[in-house]
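The values are calculated or read from the model by the stated rules, or taken from the named source; none is laboratory data. The structure displayed is predicted, hence computed values, not measured ones. Neighbour counts run over all protein chains shown; Cβ positions are idealised from the backbone, glycine included. These area figures cover heavy atoms from the full protein model, side chains too; ligands, DNA and RNA do not enter into them. Shrake-Rupley method; radii C 1.70, N 1.55, O 1.52, S 1.80 Å.
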Amino acid sequence: MKRINVGLIGGGFMGKAHSLAYSAVPMFFWPSEIMPVKHTVAEFTDELASEAAARFGFANSTSDWKTLVEDPEIDLIDIATPNNSHAEIAIAALRAGKHVICEKPLARTVEEAAAMYEESRKSTAVNMVAFNYRRTPALALAKRYIDEGALGDILNFRATYLQDWSADPNSPLSWRFQKKIAGSGAVGDILTHVLDLARYLAGEVTEVSALTNHIIKERPLQQSGVDSLGNSKGGSEGPKGEVDVEDEVMSLLKFESGAIGSVEATRNAWGRNNFITVEIHGSEGSIYFNYENRDELQVCFKSDGDDRRGFRTVYTGPNHPNGAALWPIPALGIGYGETKIIEAHDLFLAIAGVEPVRPDFGDGYQVALIDDAILRSAGTGLWTKVPQLNRDTGAVTDGV
Ligand code: NAI
Ligand code: SOE
């Protein structure tokens, strides 16, 4: 068993989720190829950093992420900061020879994503982008059905990502509403997750036709530096700041395979919480998934027969992807935390040389190319080709 010293940068929502995963990996995946050691956490200030160390179980803390990247004792850099620092940290970490896991979206722009990907090609270290929803066992089971041909030829992919935490115009102006930090709005923040699922389950997206809408133009300034995701109300009085990113996005998709599809995302849909849905139909059957019932995969097959056709529920448990490591019977409940535990374990398998990990920076870059095409299409109103990354050469073509 190899010990891997982790340097975590960012002690917010994802700092918590990743720290939990590092503690949990050996509990779930045992014997473990890798034993993660929570070495050092970096935050903005010494106070925030030492608080994060105490809370998340790190031995050391620092207010300067650069010392962490340069520390020869650190093996893995975990980037759990807002999107504006992903490129700078990842490039420095790769140059220092560290393994890197970077939260999604890989970067704010295609240019930043390209630079990160180019740096990753020069390194022999492992890199990963944290699109963790594909680690949900029911979605990994969907992939298994598709790979085994149970759905036949994929004809249509439909996905949504709907939330409501920003529907109230008085929810505060977090970094997620500022282009200079986030890069984009619903597109980079949540559509990227379903675009990762689209590529994972249905293959490459080659052309898009998109609409975006920017409804809430200003929000109350946050009363503290903490990103509160809409939970603490700013109030309608008091200073406000500009929201310069889109609220909503919808896009039609064409896939390399000839399949067609649609994706949509908003953080303003009252009543929807983490409503990620995926419905795929093929020539031989269909599947349906809703993250709010994330243990369940609905399946329907042509071969079921005319008199019994309809969706039935497969409840994921020990017999499904990664299920044996999780809980001993179905219906105990698989949550968001488990997707992060599986993600960390898959990262460690790659670091241990057992098997390569996806999604990597190349995948994050390809998603950034789709994001960019969607935003350009929404601007022009035209069908827009998605440039395709050739993973062998590292070159990007102008669509296929
Ligand atoms: P957050 O706002 O809760 O936490 C970010 C933390 O990073 C804050 O504590 C902040 O003080 C710290 N930070 C910012 N810049 C820093 C720097 N230069 N050095 C050290 N610390 C710094 O944000 P959250 O929700 O954790 O998001 C972080 C990243 O994770 C974003 O890229 C976001 O898109 C992604 N994310 C991914 C999710 C997923 O499901 N995969 C879920 C939530 C966020
Ligand atoms: C807010 O929309 C958010 O925290 C996203 O940033 C995450 O990526 C998503 O998984 C949960 O919601």
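Please go through the range 33-55 and pick out each residue that is among the β-branched types (Val, Ile, Thr) and farther than 30 Å from Glu355 by Cβ.
Start the filter on the range 33-55 by keeping residues that are among the β-branched types (Val, Ile, Thr), which leaves 34, 37, 40-41, 45.
Of everything in the range 33-55, just one residue is among the β-branched types (Val, Ile, Thr) and farther than 30 Å from Glu355 by Cβ, namely Thr45.
Residues in the range 121-137 that are crowded, with 23+ Cβ neighbours inside 10 Å and either in a loop (DSSP other than H, G, I, E, B) or away from ligand 2 (no atom under 16 Å from the Cβ) (or both): Asn127, Ala130, Phe131, Thr136, Pro137.
Criterion applied to Glu148, Glu111 was being within 30 Å of Gly285 (Cα to Cα) and open to solvent by 30 Å² or more (accessible area, probe 1.4 Å), and the one residue passing it is Glu148.
Can you say whether Val126 is more than 16 Å from ligand 1 (Cβ to nearest atom), over 30 Å from Ala331 (Cβ atoms) and touching a residue at least 60 places away in the same chain (Cβ under 8 Å), as far as the supplied structure shows? Criteria met by Val126. Taking (1) more than 14 Å from ligand 2 (Cβ to nearest atom); (2) touching a residue at least 60 places away in the same chain (Cβ under 8 Å); (3) part of a loop (DSSP other than H, G, I, E, B); (4) out of contact with any helix residue (DSSP H, G or I) (no Cβ under 9 Å at 6 or more places or on another chain) in turn, Gly152 satisfies each apart from (4). The residues of the range 13-58 that are out of contact with any Ser or Thr (no Cβ under 7 Å at 6 or more places or on another chain) and over 30 Å from Gly317 (Cα atoms), listed by number, are His39, Glu47, Leu48, Glu51, Ala54, Arg55. Suppose the filter is touching a strand residue (DSSP E or B) at 6+ places or on another chain (Cβ under 6 Å), open to solvent by less than 60 Å² (accessible area, probe 1.4 Å) and away from ligand 1 (no atom under 16 Å from the Cβ); does Phe361 pass it? No: the conditions fail for Phe361. When you look at Glu355, is it under 30 Å from Lys2 (Cα atoms), part of a helix (DSSP H, G or I) and open to solvent by 20 Å² or more (accessible area, probe 1.4 Å), yes or no? No, not satisfied.
Within the range 49-58, which residues are open to solvent by less than 80 Å² (accessible area, probe 1.4 Å) and either within 11 Å of ligand 1 (Cβ to nearest atom) or on the phi < 0 side of the Ramachandran plot (or both)? Step through it out loud before you land on a result.
First pass over the range 49-58, keeping only residues open to solvent by less than 80 Å² (accessible area, probe 1.4 Å): 49-50, 52-53, 56-58.
Once the filter is applied, which keeps residues that are open to solvent by less than 80 Å² (accessible area, probe 1.4 Å) and either within 11 Å of ligand 1 (Cβ to nearest atom) or on the phi < 0 side of the Ramachandran plot (or both), the range 49-58 yields Ala49, Ser50, Ala52, Ala53, Phe56, Phe58.
Just one residue in the set Gly317, Gly230 is farther than 28 Å from Val386 by Cβ, surrounded by 13 or more Cβ atoms within 10 Å (Cβ to Cβ) and at pLDDT 95 or above; that residue is Gly317.
Being at pLDDT 95 or above, over 19 Å from Ser377 (Cβ atoms) and more than 19 Å from the chain's Cα centre (by Cα) is a property that Lys143 lacks.
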